Amino acid sequence: MQWNESCGPVALVGSGEYLPSMAAIEASLLEGRPRRYVQLATAATPDGPDVVAKWERLGVEQARRLDVEVVTLPVYSTADANDQSIADAVRGAGLIYLSGGHPTFLADVLRGSLVWESIVAEWSHGAALAGCSAGAMVMSTWVPSVRSLHGGGSDGLGVVPHLRIVPHYDKYFSKLPDLVTRFGISKSSDVTVLGIDEETAVVGGPTEWLVQGRGSAWILGKGSKQEFVSGSTLHLS
């Protein structure tokens, strides 16, 4: 997947989609773009309809705070993702947001689908594209199995092929040994492992990114990590 000058920004979010504390970040992604907020709670599908309904409700509440039109896409299966009427509903988006849940399920449902083609088309023409937790992880070219983090996983969606995203970094993964190895990165790899704290976003792309929110972003290497506090700029080639 190729970035071009017309592509909108990408937001990789550690956690906190639709929380009031993240509203300013989401508002900034909509600035200067159509006030049409397209949301997919696809990644929550394996947790059941009640969980999906909760995330969809929170998304609607956030859109109301921002005073924008909300479009909730009912994508819960590969059949849904290849429904042309659902794919058409992406058109005119100012912000498209993939919320959290199960990253391998999300990647498997969207990969190669009509809905994903529509999302890429809108993003390529200037819409902002955001993913939180699982939604951020699928932006890479490979998505680990979160249950094991021992090499199993699925192909990602390829928006940021040079990155692998570790969400919830401060809460769950900051003390996990051999994290970089568990994400399939070898010493010779040119892929960067990026940890993102909760209620924190890394926004921009493809090479220049701004850290926003209450926490930090972390460039992770074998036995090392470099912190970038909120307001910092990262250059990731």
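Quick one: which helices (runs of 4 or more DSSP H) lie wholly within the stretch 71-122 and hold at least 1 residues that are crowded, with 23+ Cβ neighbours inside 10 Å? Explain how you work it out, then say what you get.
On the way: elements: 78-81, 84-88, 103-110.
Filter on the stretch 71-122 gives 78-81, 103-110.
I'd like the residue in the stretch 125-147 that is touching a residue at least 60 places away in the same chain (Cβ under 8 Å) and more than 16 Å from the chain's Cα centre (by Cα) and, out of all such residues, is surrounded by the most Cβ atoms within 10 Å (Cβ to Cβ).
Gly126
Filter the stretch 194-234 down to the residues that are more than 16 Å from the chain's Cα centre (by Cα), farther than 18 Å from Ser140 by Cβ and of a type outside the set (D, E, K, R) and list them by number.
Across the stretch 194-234, the qualifying residues are Gly215, Ser216, Gly223, Ser224, Gln226, Phe228, Val229, Ser230, Gly231, Ser232, Thr233.
Collect the residues in the stretch 10-65 that are part of a loop (DSSP other than H, G, I, E, B) and free of Cβ contacts under 8 Å to residues at least 24 places away in the same chain, keeping them in residue-number order. Full working, then the answer.
Of the residues in the stretch 10-65, the ones part of a loop (DSSP other than H, G, I, E, B) are 14-19, 31-35, 41, 48.
Scanning the stretch 10-65 gives Glu31, Gly32, Gly48.
Any residue at all in the stretch 128-135 that's farther than 22 Å from Ile196 by Cβ and in contact with a strand residue (DSSP E or B) (Cβ under 9 Å, 6 or more places away or on another chain)? Reasoning before the result, please.
Start the filter on the stretch 128-135 by keeping residues that are farther than 22 Å from Ile196 by Cβ, which leaves none.
Scanning the stretch 128-135, I find no residue that is farther than 22 Å from Ile196 by Cβ and in contact with a strand residue (DSSP E or B) (Cβ under 9 Å, 6 or more places away or on another chain), so the answer is no.
For Ala24, work out the one condition from (1) surrounded by 14 or more Cβ atoms within 10 Å (Cβ to Cβ); (2) of a type in the set (A, V, I, L, M, F, W, C); (3) over 21 Å from Ser113 (Cβ atoms) it doesn't fulfil.
It fails just one condition, (1).
Listed here are the residues, each with its yes/no results for (1) of a type in the set (A, V, I, L, M, F, W, C); (2) within 17 Å of the chain's Cα centre (by Cα).
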| site | (1), (2) |
| --- | --- |
| Gly32 | no, no |
| Gln39 | no, yes |
| Ala53 | yes, no |
| Ala63 | yes, no |
| Leu66 | yes, no |
| Leu73 | yes, yes |
| Ser77 | no, no |
| Ala87 | yes, no |
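Considering only residues that are more than 12 Å from Asp170 (Cβ to Cβ) and of a type in the set (A, V, I, L, M), look in the stretch 197-228 and name the one that is surrounded by the most Cβ atoms within 10 Å (Cβ to Cβ).
Keep residues of the stretch 197-228 that are more than 12 Å from Asp170 (Cβ to Cβ), which gives 201-212, 219-224, 226, 228.
Subset that is of a type in the set (A, V, I, L, M): 201-203, 210-211, 219-220.
Values: Ala201: 32, Val202: 28, Val203: 20, Leu210: 18, Val211: 23, Ile219: 16, Leu220: 21.
Ranking the qualifying residues of the stretch 197-228, first place goes to Ala201.
Here, each number is a calculation from the coordinates, and none is a lab measurement. As the structure is a prediction and not an experimental result, all values here were calculated from the model. For neighbour counting, all protein chains shown are included, and Cβ atoms are generated from backbone atoms with ideal geometry for every residue, glycine included.
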